[in-house]
Amino acid sequence: MLIKNKVVTFAENFSNIMARTKQQLPESNPSLSIKAVTKNSVWDIQENDVFRMWEAATKDAEVKENIQHYLDIFKSAFLIEEIKDEAPAVRKSYEKRGYKVMDIKFEESLKFTWAIKKRPIMRVTDLSYENIRHISAVKLLEVIDRNFGGGWDSLSQSIQDIILSGFDISTTTLPKDRLHKKGGMYDKKVEDGFDVLEVRKGGWVEAIFAKLKPEEEKIRMKFSDKGDDDDLDREDGDDDEDVIVEDNYSSHDEEDEVQDPNDDEITEDNYSTMMDLGSDDPEDEAANMLDYVEE
């Protein structure tokens, strides 16, 4: 049982209503080009956008050389089949199944007829990191409800991780007569903008609350230009320009210069090559000298 979020007043919820309407009814995006489409942004476009972009790309040599590459990107969000039988009945059979058919011609020897339809998101296995932010909370809860009615814990961890990457999810399981208690968790979540899925489990009810997460702003480092670095260097160097470093190494006083020794000033009192062994006795000196040599 799916219960949509309540509207308290039109003024208070106008922005939320417009945001949900935009999610549920995606519009054509004329600003996209085939080279700018990614496996994420491709979920924002519709079949008419695909036709327009491929028609504009028929004159692009790079696209012509990489048709399969760009086609694979579109196939992540669209069912695309090439129609080789030109019979009108074949074309109509695809149109009856919800496909839109287009003819693409790069040149006479390179042309295609494609049947295209947006991939439906019906089961939890259809959810991916690329498309999770391109559905509404109501659509998400409808998909979860189709999962055999098992509730949040019945989903695999990988599916839960995908859902949590795009939505705030919280759950509670209470007796059905207590779930809607006035002023309780249920009322608070609804007032905060959450949509609710109720999964009955005997006399108990599991309530799954879902709300699309606000898109996180990607922080990018901005490096300054070389010119700015030069200005910064000049600014840093302004203080240094006022400081004059004097080179006194070559201008020392003459008194500090080392003078060559004067042989005339050398006497036997201030110059000696003899070792003083501390004794005047020649025999003691000889004995001491012997001990010194033995050591």
Requested in this report: With the condition kept exactly as written, say whether any residue in segment 68-79 is more than 30 Å from SER154 (Cβ to Cβ) and either among the small types (Gly, Ala, Ser) or in contact with a Phe, Trp or Tyr (Cβ under 8 Å, 6 or more places away or on another chain) (or both).
Outcome: no
Query raised in the report: What do you reckon, is ARG123 modelled with pLDDT under 95, under 30 Å from the mean Cα position of the chain (by Cα) and basic (Lys, Arg)?
Result: yes
Report summary line: Wholly inside segment 32-148, strands (runs of 3 or more DSSP E) that include 2 or more residues that are touching a residue at least 24 places away in the same chain (Cβ under 8 Å), of a type outside the set (A, V, I, L, M, F, W, C) and surrounded by 16 or more Cβ atoms within 10 Å (Cβ to Cβ) are 110-118
Query raised in the report: Quick check, is LYS6 among the basic types (Lys, Arg) and modelled with pLDDT of 90 or more?
Result: no
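The values are calculated or read from the model by the stated rules, or taken from the named source; none is laboratory data. Predicted model, so just to flag it, every value in this text is computed and none were measured. As a convention, Cβ positions derive from the backbone with ideal geometry for all residues, glycine included, and neighbour counts pool all protein chains shown.
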